[in-house]
Amino acid sequence: MKARPPKAPPVPAHPLYIPESDEVVWSGRFALQIVRFRYRRSDGTPSALLTWEMWRRGQGVVLLPYDPWSGRVALIEQFRLPALAAGEEPMMIECPAGLLEAGEDPAAAGRREVAEETGFAPDHIEKIGEFMLMQGGCDERMHFYCGRCPLPEPGLAGTRGLESEGEETRVLVLPLEQALAMLARGEIRNVTAALCLMWLQINAPRLTEEWTAR
């Protein structure tokens, strides 16, 4: 019997979940499952039989570098094929982010992604929260952080990325107010960057006071 891909474990048992079948139909970089199931409705009766495609990406992390002394943030810009397929501009403005390795600590993974994609090194981080990104079809759960990081003058701060992954990230250093204005104008279309920036908009006064006192 063919071994099940580690990235596509069976769906956990739950009182609301009534499985019928579960097949892994693709196990490339990410796995794709076809699951036939029913769920228990609010009155206790089973739903109609459903067939869902489920994309298994696992856990990820995103970290927004913030300089509390200058009020600047670091974002990245990179080419995204799915954005182009959706009719969006393919050069997306984002926060440094990536997937966790098996058993990897999310905070350590966030620091690693920032180093790889920006060259910066946060010396203190605070967790924003954990959120699902596409719960209608994907199991990805993201760990969100903000990190204290001295940043250079605003502007393009070079390019980074892992050559082995064909990755190129352009590093953008912006005043927080400018990044928030870009978000308000709809120029930042990435949900993880949007959530991080909106969180920082609320928490920047507190972080600035706490992080500059250390």
Check off (1) out of contact with any Lys or Arg (no Cβ under 9 Å at 6 or more places or on another chain); (2) of a type in the set (G, A, S); (3) free of Cβ contacts under 8 Å to residues at least 60 places away in the same chain for A107 and give me the number that stays unchecked. (1)
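Check A194, A184, A213 and return the single one that is under 21 Å from the mean Cα position of the chain (by Cα), free of Cβ contacts under 8 Å to residues at least 60 places away in the same chain and more than 28 Å from Q59 (Cβ to Cβ). It would help to see each step written out before you state the result.
Working: A194 fails: more than 28 Å from Q59 (Cβ to Cβ); A213 fails: under 21 Å from the mean Cα position of the chain (by Cα).
That would be A184, the only listed residue that is under 21 Å from the mean Cα position of the chain (by Cα), free of Cβ contacts under 8 Å to residues at least 60 places away in the same chain and more than 28 Å from Q59 (Cβ to Cβ).
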Filtering segment 1-15 down to residues that are closer than 28 Å to R41 by Cβ and surrounded by fewer than 13 Cβ atoms within 10 Å (Cβ to Cβ) yields P10, P12, A13, H14, P15
Whether any residue in segment 134-152 is assigned to a loop (DSSP other than H, G, I, E, B), surrounded by 20 or more Cβ atoms within 10 Å (Cβ to Cβ), on the phi < 0 side of the Ramachandran plot and among the aliphatic types (A, V, I, L, M) is what I want to check. yes
Which numbered condition trips up A194, out of (1) within 30 Å of P9 (Cβ to Cβ); (2) surrounded by fewer than 20 Cβ atoms within 10 Å (Cβ to Cβ)? (1)
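For segment 1-37, give me each residue that is in contact with an Asp or Glu (Cβ under 7 Å, 6 or more places away or on another chain) and of a type in the set (A, V, I, L, M, F, W, C).
Taking segment 1-37 as the starting set, the residues that turn out to be in contact with an Asp or Glu (Cβ under 7 Å, 6 or more places away or on another chain) are 10-11, 32-37.
Those that are in contact with an Asp or Glu (Cβ under 7 Å, 6 or more places away or on another chain) and of a type in the set (A, V, I, L, M, F, W, C): V11, L32, I34, V35, F37.
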Please go through segment 116-133 and pick out each residue that is modelled with pLDDT of 95 or more and among the aliphatic types (A, V, I, L, M). A121, I125, I128, M132
Inside segment 178-214, can you point out the residues that are under 16 Å from I76 (Cα atoms) and assigned to a helix (DSSP H, G or I)? Q178, A179, L180, M182, L183, V191, T192, A193, A194, L195, C196, L197
Within segment 17-46, tally of residues that are within 18 Å of G136 (Cα to Cα), in contact (Cβ under 8 Å) with a residue 24 or more places away in the chain and surrounded by fewer than 13 Cβ atoms within 10 Å (Cβ to Cβ): 0
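Is it the case that some residue within segment 64-80 is in contact with a Gly (Cβ under 6 Å, 6 or more places away or on another chain), at pLDDT 95 or above and not basic (K, R)? Outline the logic, then answer.
The initial filter retains those residues of segment 64-80 that are in contact with a Gly (Cβ under 6 Å, 6 or more places away or on another chain), namely 65.
Still in the list and also at pLDDT 95 or above: 65.
Pick out the ones that are also not basic (K, R) and you get 65.
Yes, segment 64-80 contains at least one residue that is in contact with a Gly (Cβ under 6 Å, 6 or more places away or on another chain), at pLDDT 95 or above and not basic (K, R).
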Given (1) assigned to a helix (DSSP H, G or I); (2) at pLDDT 95 or above, S164 misses just (2)
Which numbered condition in (1) out of contact with any Lys or Arg (no Cβ under 8 Å at 6 or more places or on another chain); (2) touching a residue at least 12 places away in the same chain (Cβ under 8 Å); (3) not hydrophobic (A, V, I, L, M, F, W, C) is the only one that Q135 fails? (2)
Just give me the residues in segment 86-120 being over 15 Å from R170 (Cβ atoms) and part of a loop (DSSP other than H, G, I, E, B), in sequence order. A86, G87, E88, L100, E101, A102, G103, E104, D105
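The values are calculated or read from the model by the stated rules, or taken from the named source; none is laboratory data. All values derive from a computational prediction rather than experimental measurement. When we count neighbours, we look across all protein chains shown, and the Cβ atoms used for this are built from the backbone with ideal geometry, even at glycine.
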